[in-house]
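The values are calculated or read from the model by the stated rules, or taken from the named source; none is laboratory data. This one's a predicted model, so the numbers in the text were calculated from it and none came from an experiment. Cβ placement follows ideal geometry from the backbone for every residue including glycine, while neighbour counts extend to all protein chains displayed.
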Amino acid sequence: MAAVSPTLEARTVPRWVRSTLWFLLIVAVLVLVWEAYKFIWTQLEWTWPVRPINRSMPHTWDIVSAMFRPARRGGEDILLVILAEAALFTLREAVLGFVIGGVFGFLLAVVFVRSPLAERSLMPYVVASQTVPIIAVAPMVVLWAGRNDWPQWVAVAFIASYLTFFPVTINTLRGLQSPDPTATELMRSYAARPGQVLRKLQVPAALPYIFTALKISATASVIGSIIGELPAGFPDGLGRVLLNFASTFSTSPEKLFATVFMSAVAGIVFVAAVSLAERVVVRSRPEVFAGDMLTPDEGRAG
């Protein structure tokens, strides 16, 4: 019987299974490194760069066990429930900011590809907008929203979109400019309107670039939402939970570490959702992601 090639065997394992196994492996390695650091540094009595004491570096099992205990003395809700509710609250704001920033970034890229003058004139300001510390912008946005009687979640979503639009703009612009110029000229020679060139050639060619940007923007929107919640004074959300547990870090550090872990999980879930959407699009347009789009000569030959 012929031996089955390793490549064929790998294809029989679903991609999500392999991704999950890799994720669990990375988590296990991080846990081992964390615990090994604590053990070795304690035995050798080293204190640099971080002292391996439980008040600053709790054991991983202490962090996990804290998630299944009440968050407060006399309380009923365990920490895991509180963190899950806060993560869902933050994700709602992140999704809204993600949509707003993604749409704005895409439209801005379309304007730039249609008008090189607009790109040369506005691109420096687009780049400069990302050099402003978001922690300085967030209080101003929240204050402006309050003066106009806007809901606070609108301000938080705007802050999230502020971090989202830039990678979408840059990557989409690069993708829209990626088609072979001869393919563009061929469509124009057939009297294709600019909208048809955009829809039938440029956007399909830009899809891989767009999804790469959306994955980056997914994590950025979560970060923006958390930062926006800090000055907004929300009673809910990961930003508020981070503030509360940061004030008790010296006595209960495991709670803050658990909150940081849940924030990371929220970002991972968001990126996974974008990756799932990408897989759906890949199945509908595999030739785009495989790099097998027809060149003008191939199209004529067909």
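Brief remarks on what is shown
So that you can scan it fast, the table gives a plain yes or no per residue for (1) basic (Lys, Arg); (2) in contact (Cβ under 8 Å) with a residue 24 or more places away in the chain:
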{"site": "184", "(1), (2)": "no, no"}
{"site": "200", "(1), (2)": "yes, no"}
{"site": "208", "(1), (2)": "no, yes"}
{"site": "217", "(1), (2)": "no, yes"}
{"site": "220", "(1), (2)": "no, yes"}
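- Among the helices (runs of 4 or more DSSP H) confined to segment 85-178, the ones with at least 2 residues that are out of contact with any Lys or Arg (no Cβ under 6 Å at 6 or more places or on another chain) and touching a residue at least 60 places away in the same chain (Cβ under 8 Å) are located at 134-147, 152-176.
Per-residue answers, yes or no, for (1) within 14 Å of the chain's Cα centre (by Cα); (2) at pLDDT 95 or above:
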{"site": "243", "(1), (2)": "no, no"}
{"site": "253", "(1), (2)": "no, no"}
{"site": "256", "(1), (2)": "no, yes"}
{"site": "263", "(1), (2)": "yes, yes"}
{"site": "279", "(1), (2)": "no, no"}
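- Yes/no for residue 199 being modelled with pLDDT under 95, part of a helix (DSSP H, G or I) and of a type outside the set (Phe, Trp, Tyr): yes
- Yes/no for residue 145 being out of contact with any Leu (no Cβ under 9 Å at 6 or more places or on another chain), surrounded by fewer than 17 Cβ atoms within 10 Å (Cβ to Cβ) and in the same structural domain as residue 95 (by TED's automatic domain parsing): no
- Selection count, segment 39-57, where residues are closer than 19 Å to residue 258 by Cβ and at pLDDT 95 or above: 0
- Selection from segment 16-62 of residues that are small (Gly, Ala, Ser) and part of a helix (DSSP H, G or I): 19, 28, 36
- In segment 247-272, the qualifying residues are those that are exposed (fewer than 14 other Cβ atoms within 10 Å of the Cβ) and among the small types (Gly, Ala, Ser), and the one that is farthest from residue 205 (Cα to Cα) is 250.
- Filtered residue count, segment 45-90, keeping only those that are buried (at least 18 other Cβ atoms within 10 Å of the Cβ) and of a type in the set (Phe, Trp, Tyr): 1
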